Amino acid sequence: MTSLAPTRRGLLAGAAVVGASALVPVAPWSARRASAQPPFILKPTPPEWFVDHGTNAEMSWSSVDPRRYLTPQARLFVRNHTRTPTLSPSTYALRVHGDGLATARTESEALSLTLDDLRRLPRHELTAVHECTGNGRRFFTEQQGETVSGTPWALGSVGTVRWSGVRLRDVLVRLGLSPDAVSVQATGLDDPYVTGGTDYGRVRRPFPLAKALDDALLAWGMNGEELLPDHGFPLRLVLPGWVGIASIKWLGSLEVSRSELTSPWNTTWYRMTGPQWPADSPPLTVNPVRSAWELAAGATLPSRPTTLTGRSWSGAGRITRVSVSLDDGRSWRPAVLNRRSHQDQGWTQWSVRCPRLRPGARQLLARASDEAGRTQPLVAAANSQGYFFDAVVRHPVQVAA
Ligand SMILES: Nc1nc2c(c(=O)[nH]1)N[C@H]1C(S)=C(S)[C@@H](COP(=O)(O)O)O[C@H]1N2
Ligand SMILES: [Mo]
């Protein structure tokens with residue numbers, strides 16, 4: 001489409017080639033002693049709202065306000081492979097290169113798009129669940145007695161937020177694609193990830209061009225605010241419904257390719273591995289179905305009748321049904337879905353009227369189904385890295401005397 005070709009000034013003025021210097025993160029720490037390490041996470045993560053997991057912070061479900069549909073950015077979980085970088089929006093540029101562009105460009109010939117370039121495109125907003133692949137990981141151990149590696153999240157590495165930015169499709173179409181393009185690799189500007197003595201390079205993950213042309217976003221805003229540094233300021237990728245790792249923060253470059261791209265984030269991690277899985281199990285993409293109660297683990301409930309609330313979500317579509325058990329799984333009843341609150345690809349809030357309960361310890365269970373026909377199982381598929389814990393979680397509570 002010639003009318004969309006990169007002939008105008010600004011975005012997609014094809015001649016712009018970024019120099020590496022424009023991409024060097026600003027180091028606000030330089031004034032500090034050289035030995036002082038900056039924090040992993042910059043926003044406040046008070047213990048009333050968050051569980052500390054080192055470079056990661058988990059949202060506490062007990063802090064979720066049942067009246068509020070969207071997760072405030074200040075309350076959203078943070079998952080960092082290293083630490084949050086501080087980038088300057090004025091020098092920021094997104095580099096786009098690869099042989100999948102209509103005019104192939106090597107990395108050093110990358111097109112350079114500034115935030116102003118991107119803001120000239122049609123603005124797009126989308127509400128979607130945002131969730132880490134390992135959400136619920138600790139229940140592999142707690143409920144299934146399995147040993148897994150990775151951050152032992154309970155169910156709080158999830159939120160529902162309203163993203164704002166531009167469609168990746170609009171960017172790529174204007175840049176011009178090769179008819180043979182198949183794959184896009186997104187790379188972050190955070191520090192290279194070093195673990196077990198190996199430097200794996202910058203956090204990056206490829207995804208099919210089809211997803212890029214479907215609903216992928218380049219987002220600069222969340223819930224009407226500018227992104228916080230911890231969540232990818234000034235620009236991140238968002239692949240709605242997909243595993244969190246697909247939504248690369250601090251997006252530095254996109255490589256568009258005619259061949260399938262790979263990275264350790266789709267070959268070593270974020271795949272199912274372990275004795276039960278083939279060596280060529282595919283990279284994980286669409287998130288499963290999960291549910292959580294808006295309660296602390298071990299919360300005390302009154303014995304008088306009360307209303308309990310929670311939320312269910314799926315990467316594959318709307319929640320169609322939620323069943324709950326208030327008696328350790330012996331009997332089940334439907335929860336009341338609050339369908340009016342539902343937005344786009346966000347979660348579904350639900351409630352259940354809880355009758356007078358006998359004092360003592362018990363477990364609450366919630367089990368959801370989605371419009372793709374998936375229902376939460378009672379046992380999640382074992383895998384050594386603890387991904388996709390989608391089984392019904394047994395939530396312990398204490399009913400007061
Ligand atoms: N550049 C970069 N992007 C990243 C990550 C990261 O460490 N570096 N973590 C990924 C993972 S595993 C998840 S779950 C989400 C977390 O996004 P959030 O911290 O904004 O909640 O970001 C993804 N994008
Ligand atoms: Mo993640």
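The values are calculated or read from the model by the stated rules, or taken from the named source; none is laboratory data. On a predicted model such as this, the values are computed, not experimentally measured, just so you know. Here the Cβ is made from the backbone with ideal geometry for all residues, glycine too, and neighbour counts use every protein chain on show. The protein model used for the area step is the full one, side chains on, heavy atoms only, and it has no ligands, DNA or RNA in it. Shrake-Rupley method; radii C 1.70, N 1.55, O 1.52, S 1.80 Å.
Per-structure values
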| read-out | value |
| --- | --- |
| Over the chain: helical MRE at 222 nm, DSSP H runs n ≥ 4 each giving -39500 (n - 2.57), nearest 500 | -1500 deg cm²/dmol |
| 14 Å beta-carbon shell around ARG374, net charge (K/R +1, D/E -1) | +1 |
| Accessible surface, the chain, averaged per residue in Å² (probe 1.4 Å) | 43 Å² |
| ARG120-ALA74 FRET efficiency (beta carbon distance; Förster radius 41 Å; 0.05 resolution) | 0.85 |
| Paramagnetic label zone (point 7 Å from Cα along Cα-to-C-beta, THR307; backbone N under 15 Å) in region 320-340 | 335-340 |
| For region 143-159 versus region 379-401, the gap between their alpha-carbon centres in whole angstrom | 8 Å |
| Label point 7 Å beyond Cα of THR195 along Cβ direction - residues of region 277-297 with amide nitrogen under 15 Å | 284 |
| Share, in percent, of DSSP beta bridges within the chain that are antiparallel, nearest 5 | 90 percent |
| Label-point separation in nm, THR268 to ASP65, each point 7 Å along Cα→Cβ | 4.2 nm |
| Overall form of region 76-130 per C-alpha gyration tensor (a/c, 1.5; a/b vs b/c) | prolate |
| Proximal charge balance of VAL194 [Cβ under 13 Å; K/R count +1, D/E count -1] | -1 |
| Principal semi-axes in Å for region 56-100 [√(5λ), Cα gyration tensor, largest first] | 32, 14, 13 |
| Rg over Rh, two decimals, region 20-267 (C-alpha only, Kirkwood Rh) | 0.96 |
| Under 19 Å from the ARG358 label point (7 Å along Cα→beta-carbon), backbone N, region 303-326 | 303-306, 325-326 |
| For region 292-344: rounded, prolate or oblate by the Cα gyration tensor [a/c cutoff 1.5] | prolate |
| Accessible surface of the chain, 1.4 Å probe, proportion on carbon and sulfur as whole % | 52 percent |
| Simple label model, 7 Å out from Cα along Cβ direction - ALA102 to GLU371, nm | 3.5 nm |
